[in-house]
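Asker: Take this structure first; my questions come after.
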Amino acid sequence: DIRWLQMEKWDACGGAATEELCRGESAFVGIDLAGTKDIAAVVHYFPESGMIIPRLYVPEGQAAERERRDGVPYVTWGRQGLVRLTPGNVVDYEIIRRDLNADNENWRVVQVGIDRWNHTQITTQLEGDGFEVVPFGQGFRDMSGPMKQAEILMLQGKLAHGGNEAMRWMASNVAAEMDAAGNIKPSKKLSTEKIDGMVALIIAVGCAWATD
């Protein structure tokens with residue numbers, strides 16, 4: 001079985017995680033932009049409390065079709081505030097940037113880790129906004145340590161995701177790929193469905209872990 005997580009362990013980390021509870025804490029942020037036609041994910045991880053606040057962006061133009069075609073309840077999640085439906089058919093990075101700046105007013109973003117793919121423009125803009133941005137590769141070298149660290153935190157019950165259904169769906173989709181040396185990385189190819197939120201979480205944990 002290449003599925004990465006045991007879902008009962010993930011579910012056991014369902015402690016409260018709200019914007020009010022995080023206020024004033026320090027956050028490390030992971031950004032996965034790979035699926036702009038589908039999902040872009042920004043995950044805030046608070047090492048102090050273990051809380052996770054995800055910002056998941058789905059283009060409105062895709063949401064209803066995806067819900068109808070694949071049974072992924074994007075429109076419902078949008079109504080519940082679990083994902084943000086953005087105008088048009090691709091995710092508007094400007095909305096992501098605006099949200100990140102607004103979140104930085106509520107808590108202190110220490111560092112932003114961003115998937116190297118397609119990141120140049122938003123990285124330049126975020127650095128201009130005063131964020132420290134670190135490019136993050138998606139291969140074994142960059143992802144293995146952080147992925148193992150995220151798993152340890154989960155197994156120890158040190159994460160709190162507040163029972164977010166969209167993140168749970170993505171957690172259940174993650175397939176792990178392993179190389180001969182025992183390094184692991186999340187595989188979008190082998191995963192059954194979207195995993196962007198989990199990739200962003202692993203990047204956020206990696207940033208926190210590297211500065212620990």
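The values are calculated or read from the model by the stated rules, or taken from the named source; none is laboratory data. Everything quoted here is computed from the prediction, not taken from an experiment. Heads up, the Cβs are rebuilt from the backbone with ideal geometry, glycines too, and the neighbour counts pull from every protein chain shown. These area figures cover heavy atoms from the full protein model, side chains too; ligands, DNA and RNA do not enter into them. Shrake-Rupley method; radii C 1.70, N 1.55, O 1.52, S 1.80 Å.
Asker: Based on Cα positions only, what radius of gyration and what Dmax would you give for the chain, in angstroms?
Answerer: 15.8, 44
Asker: If we count every other residue with Cβ under 12 angstrom of Gln62's Cβ, Lys/Arg +1 and Asp/Glu -1, where does the sum land?
Answerer: Net charge in that neighbourhood comes out at 0.
Asker: Continuing with the same structure: Mind ordering 161-168, 83-90 by average Cβ neighbours within 10 Å, highest first?
Answerer: Top to bottom by mean Cβ count within 10 Å: 161-168, 83-90.
Asker: What does the extension gain come out to for Arg79 and Glu165, with contour length at 0.36 nm per residue minus their alpha carbon separation?
Answerer: Stretched out fully, the Arg79 to Glu165 stretch lengthens by 29.7 nm.
Asker: Counting helices only, and only those DSSP H runs with n ≥ 4, report the 222 nm mean residue ellipticity of the chain as the sum of -39,500 (n - 2.57) divided by its residues, in deg cm²/dmol to the nearest 500.
Answerer: Computed mean residue ellipticity for the chain: -12500 deg cm²/dmol.
Asker: Same structure again: How far, in nm, would the chain grow between Glu48 and Gln6 when pulled straight, counting 0.36 nm per residue and subtracting the alpha carbon separation?
Answerer: Length difference between fully extended and current span is 12.7 nm.
Asker: While we're on this one: Can you tell me the accessible area per residue over segment 136-184, all protein chains present, probe 1.4 angstrom, in square angstrom?
Answerer: 42
Asker: How many percent of DSSP beta bridges within segment 30-112 run antiparallel, rounded to 5?
Answerer: Looking only at bridges with both residues in segment 30-112, the antiparallel portion is about 80 percent.
Asker: Oh, and also: Would you please classify the overall shape of segment 1-120 from the alpha carbon gyration tensor, given that a ≥ b ≥ c denote the square roots of the eigenvalues, rounded means a/c under 1.5, and beyond that prolate means a/b larger than b/c while oblate covers the rest?
Answerer: It is oblate, given that a/c is not under 1.5 and a/b is not larger than b/c.
Asker: Then there's this: Counting only complete DSSP H runs, which helices of the chain cover 18 Å or more along their long axis at the Cα atoms and score a mean Kyte-Doolittle of 0.5 or above?
Answerer: Passing helices, by number: 196-210.
Asker: Counting other Cβ atoms within 10 Å, which chymotrypsin sites (Phe, Trp or Tyr not before Pro) in segment 81-120 have at most 16 and lie in a DSSP loop?
Answerer: For chymotrypsin sites (Phe, Trp or Tyr not before Pro) across segment 81-120 that sit outside H, G, I, E and B with at most 16 neighbouring Cβ atoms in 10 Å, the list reads Trp117.
Asker: Measure off, as a whole percent, the carbon and sulfur share of the 1.4 Å-probe accessible area of segment 62-212, all protein chains present.
Answerer: Ligands and nucleic acids excluded, carbon and sulfur reach 48 percent.
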